[in-house]
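Chemist: Quick one: the structure is below, and I'll ask about it shortly.
The values are calculated or read from the model by the stated rules, or taken from the named source; none is laboratory data. Just so you know, these numbers come straight off a predicted model, no measurement behind them. Please note: Cβ atoms are built from the backbone with ideal geometry, for glycine as well, and neighbour counts cover all protein chains shown. For accessibility, only protein heavy atoms count, side chains too; no ligands or nucleic acids. Shrake-Rupley method; radii C 1.70, N 1.55, O 1.52, S 1.80 Å.
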Amino acid sequence: TCTHARARSTPTGRMLADLRDKVAALAHCQLSVFLLEDMERGRESPFSPYYESLPQDLPQHSLFWTQQERAMLRGTCFLDDVQSFELMVKTDYKAIVARVPVFQRFTFARFLWSRIIVSSRNFSIRINHSDHIALVPLADMMNHHEPRRTAWEFRDDDRVSGIRLMEWSGVAWRGMED
């Protein structure tokens with residue numbers, strides 16, 4: 001499991017802590033930066049098999065749509081939301097590059113990809129009574145069905161994390177009894 005706590009403990013993650021008031025979602029930015037930097041390690045990273053399974057292109061995501069595709073949404077609130085999110089990520093990227101100039105080795109497009117991966121695949125978890133976001137490879141692989149069939153859990157009492165299987169009740173999914 002790759003938590004934002006792990007991401008913020010890296011040299012770059014510690015430098016990004018100074019940006020708390022300059023980026024929209026510090027934990028997401030730290031985890032996005034960690035993802036890109038850790039991917040550079042290739043097979044040396046324990047997460048390399050997970051990274052290899054991630055989609056390299058996200059054409060279905062509205063931030064990667066062409067101007068022509070976006071034009072079809074002109075006049076809608078959705079287009080305003082897309083443009084606002086893109087501006088927020090651009091602002092975050094500029095703040096990160098200003099604080100960590102070597103981060104320029106990653107293009108804005110690559111940072112945007114990483115930010116979307118983190119935004120769309122992170123799990124909110126609680127560890128030691130503290131909230132975290134995390135990329136959880138095994139849970140990620142089981143979490144792409146509607147309605148969801150799994151639930152991610154961390155039990156502080158015995159420090160155990162796991163994925164709880166949901167079962168079909170005929171109308172909706174519900175948690176299985178322990």
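Chemist: Which percent of the accessible area of region 1-49 is formed by carbon and sulfur heavy atoms (probe 1.4 angstrom)? Show your work: numbers first, answer last.
Modeler: Working: 1190 of 2430 Å².
Roughly 49 percent, rounded to a whole number.
Chemist: Let me ask something additional. Which of the peptides 23-31, 99-107, 86-94 is most tightly packed, and how do the rest follow, going by the mean number of other Cβ atoms within 10 Å of each residue? Intermediate results must be reported in sequence, preceding the final value.
Modeler: Numbers: 23-31: 21.7, 99-107: 13.8, 86-94: 16.7.
Highest to lowest by the protection proxy: 23-31, 86-94, 99-107.
Chemist: Right, another one. Rounded to whole Hz and in sequence order, give me ³J(HN,Hα) for region 34-43 from the Karplus expression 6.51 cos²θ - 1.76 cosθ + 1.60, θ = phi - 60°, writing x for Gly and Pro.
Modeler: 3J(HN,Hα) across region 34-43, in whole Hz: 4, 4, 5, 5, 5, 4, 4, 6, x, 5.
Chemist: Would you mind telling me the share, in percent, of accessible area of region 85-145 contributed by carbon and sulfur at probe 1.4 angstrom? Display every interim value, and only then the final one.
Modeler: Numbers: 1830 of 3020 Å².
In region 85-145, the share of accessible area belonging to carbon and sulfur is 61 percent.
Chemist: Apply the a/c threshold of 1.5 to the C-alpha gyration tensor of region 86-125 and tell me whether it is rounded, prolate or oblate. Please list the in-between numbers first.
Modeler: On the way: a/c = 1.96, a/b = 1.88, b/c = 1.05.
Verdict is prolate for region 86-125.
Chemist: Additional query: Place a point 7 Å from Cα of Ser119 in the direction of its Cβ. Which residues in region 12-53 have their backbone N less than 15 Å from it?
Modeler: Answer for this model: 23-33.
Chemist: Could you run the Karplus curve 6.51 cos²θ - 1.76 cosθ + 1.60 with θ = phi - 60° over region 64-78 and give me ³J(HN,Hα) per residue in whole Hz, x for Gly and Pro?
Modeler: 9, 6, 6, 4, 5, 5, 5, 4, 5, 9, 3, x, 9, 5, 4
Chemist: Could you sort the peptides 71-82, 125-136 by per-residue average Cβ neighbour count (10 Å cutoff), highest mean leading?
Modeler: Values: 71-82: 11.2, 125-136: 16.1.
Packing proxy ranking, top to bottom: 125-136, 71-82.
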